[in-house]
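Here is the structure we will look at.
Read-outs: derived from the displayed coordinates by stated rules, not from any lab. Here the structure is a predicted model, which means the values were calculated and not measured. Positions of Cβ are backbone-derived with ideal geometry, glycine not excepted, and every protein chain shown enters the neighbour counts.
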Amino acid sequence: MTRKKTEPQTAAALGGLVRLAGSWAGPSKLWVDPRLPERASDSVMIVGTKGNGRFVTFTYTWADDGEPHDGLIVFGFDDERGAITAHWFDSWHTGNKVMQFEGTAETGGTVVVRGTYVAPAGPDWGWTIRVEPGDDAFQLIMHNITPDGDEALAVEARYERA
């Protein structure tokens, strides 16, 4: 197997996320039902790089009704398809499964990826993860998407450097 340096395309696509490397903290909000108030908790996020900069990891903690939860998102870039990829698991949201995502980087480094999950007794539902990076703060926003394409805010976390 031949070792490859990080491709310029990969570095450009993930650059906004790479700049977030470090420790972060902030409020996280969860919407289980868009008609009900959000559930708020404190969250801690560690952003790192792996594979010589080819992957960016988001390792985080949060809580729901006092019960601690944690998760991990691994972002990468598929050079052949020209797409950002992500794999996500969370102790509350995904159970024992890992969700797979694909998406793009927007101008300014914002990353948006979309995946699907099986909903019992019906068609698959969608899920988006959006990361809006800034210099000293960033947002992580997730939407749940019905089979008809209707989106509902599910998670919004705002982090500042810790």
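A few points about this structure:
- Calculated [θ] (222 nm, deg cm²/dmol) that DSSP helices of n ≥ 4 give over the chain, each run adding -39,500 (n - 2.57): -2000 deg cm²/dmol
- Cα gyration tensor, the chain - rounded (a/c under 1.5), prolate or oblate: oblate
- Neighbour counts of other Cβ atoms within 10 Å put Met45, Met99 in the fewest-to-most order Met99, Met45.
- Comparing Gly109, Thr61, Pro34 along the charge dipole axis of region 8-161, the residue lying farthest to the positive side is Gly109, per the Cβ-charge model.
- Exposure proxy order (Cβ contacts within 10 Å, fewest to most) of Glu80, Glu106: Glu80, Glu106
- Dipole size of region 8-161 about its Cα centre, with +1 on Lys/Arg Cβ and -1 on Asp/Glu Cβ: approximately 380 debye, rounded to the nearest 20.
- Region 14-88 and region 105-130 have Cα centres spaced 14 Å apart.
- Angle of helix 8-18 to the longest C-alpha principal axis of the chain, folded into 0 to 90 degrees and rounded to 10: 40°.
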